[in-house]
Amino acid sequence: VLEHIPYDGCADVVPFVRQQARLLGGDERDVEAGIEAVRSALDHPLLRRAARSPDCRREAPFVHQTEEGSFAEGTIDLVFREDISEDNGVQRERWVVVEFKTGRGDEETQRRYGIQLRVYIEAVRAATGADVEGTLLIV
């Protein structure tokens, strides 16, 4: 649902969740949980920032050669650009990488997916040359 729904908070989440539940064979309990999770995510400050971004990309594919010479490829759930005004009037850009995860935000989740997030951050930094921040967003 977070791949398709507008982040501005204006859309009714129910039809989006019901469609996904039908596609995945979910029941009414799944629909209710999905509605709650999506509403919670849309209320998160990160998605509010993404809604204001001049360049917001969902399910963004990438291929990246690491410093060790190996290749990493994948799909970033959400990456968006923010234009930052410095105190001296200079504009710079910052990219924000968001990896959505469902379930608990326990230490194992943080450890395992933190590695994945670091690869994504490295790939976006290499592609843009800009500052990059990243977050695991547990929904």
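Could you pull out the residue among PHE100, PHE80 that is in contact with a Cys (Cβ under 6 Å, 6 or more places away or on another chain), part of a strand (DSSP E or B) and not aliphatic (A, V, I, L, M)?
Selected residue: PHE80, the only one of PHE100, PHE80 that is in contact with a Cys (Cβ under 6 Å, 6 or more places away or on another chain), part of a strand (DSSP E or B) and not aliphatic (A, V, I, L, M).
Condition first: under 16 Å from VAL139 (Cβ atoms) and open to solvent by 60 Å² or more (accessible area, probe 1.4 Å). Now tell me which residues in the stretch 92-112 satisfy that.
Those that are under 16 Å from VAL139 (Cβ atoms) and open to solvent by 60 Å² or more (accessible area, probe 1.4 Å): THR102, ARG104, GLN110.
Looking only at the stretch 119-139, how many residues end up being open to solvent by less than 50 Å² (accessible area, probe 1.4 Å), part of a strand (DSSP E or B) and among the hydrophobic types (A, V, I, L, M, F, W, C)?
3
Can you name the number of the only condition in (1) part of a loop (DSSP other than H, G, I, E, B); (2) farther than 22 Å from PHE80 by Cβ that TYR7 fails?
The single condition TYR7 does not satisfy is (2).
Could we say that ARG94 is in contact (Cβ under 8 Å) with a residue 24 or more places away in the chain, of a type in the set (D, E, K, R), closer than 21 Å to HIS44 by Cα and outside any strand (DSSP E or B) here?
The answer is no for ARG94.
From the set of residues in the stretch 40-66 that are assigned to a strand (DSSP E or B) and open to solvent by 60 Å² or more (accessible area, probe 1.4 Å), which is modelled with the lowest pLDDT?
Ranking the candidates gives GLN65 first.
For the condition free of Cβ contacts under 8 Å to residues at least 12 places away in the same chain and surrounded by 15 or more Cβ atoms within 10 Å (Cβ to Cβ), what is the one hit in GLY89, GLY34, GLY69, GLY26?
Unique residue meeting the criteria: GLY26.
The values are calculated or read from the model by the stated rules, or taken from the named source; none is laboratory data. Everything numeric in this text was worked out from a predicted model, so none of it was measured. Ideal geometry is used to build each Cβ from the backbone, glycine not excepted, and the neighbour counts take in all protein chains shown. Note: areas computed on protein heavy atoms with side chains; ligands, DNA, RNA excluded. Shrake-Rupley method; radii C 1.70, N 1.55, O 1.52, S 1.80 Å.
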